[in-house]
Amino acid sequence: MEEENIFEKRWQLASSEQRARYNNLITSYSTVDWTYKEKKYLLWLCQLDIDTFETFELILDKINHHNKRANP
């Protein structure tokens, strides 16, 4: 419950751009069951500058594609 409260507080402080990045990221990986601790860190990552954030997204895509090929 503590992690959920921390996430909610950070969500309230997040900028609209940060919230949009977070929502896009969560939507892209909708099959993942995220914990509030993970959501908290994802929201934090969405504060990164756009180039760093986009690089992070590319890394996640590579991991996702690799896992799909390894586990057909």
Nearest-ten-degree value, helix 2-13 long axis tilted from longest Cα axis of the chain: 80 degrees
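How much of the accessible area of the chain, probe 1.4 Å, is carbon plus sulfur, in whole percent?
Here it works out to 53 percent.
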Solvent-accessible ranking of 61, 51, 33, largest area first, probe 1.4 Å: 33, 51, 61
Near-label residues of the range 16-37 by backbone N, under 19 Å of a point 7 Å along Cα→Cβ of residue 68: 24-34
Phi-based couplings in Hz for the range 15-22 (Karplus 6.51, -1.76, 1.60; Gly and Pro marked x): 6, 5, 5, 5, 5, 5, 4, 4
Overall form of the chain per C-alpha gyration tensor (a/c, 1.5; a/b vs b/c): oblate
Integer Hz, Karplus 6.51/-1.76/1.60 couplings in order for the range 61-69, x for Gly and Pro: 4, 5, 4, 4, 5, 5, 5, 5, 6
Total lysine pairs under 21 Å (Cα atoms) in the chain, excluding pairs fewer than 8 apart on one chain: 4
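The values are calculated or read from the model by the stated rules, or taken from the named source; none is laboratory data. Being a predicted model, the structure only gives us computed values, none of them experimental. Reconstructed Cβ throughout: ideal geometry from the backbone, glycine too, with neighbour counts over all protein chains shown. These accessible areas exclude ligands, DNA and RNA; they are computed on the full protein's heavy atoms, side chains included. Shrake-Rupley method; radii C 1.70, N 1.55, O 1.52, S 1.80 Å.
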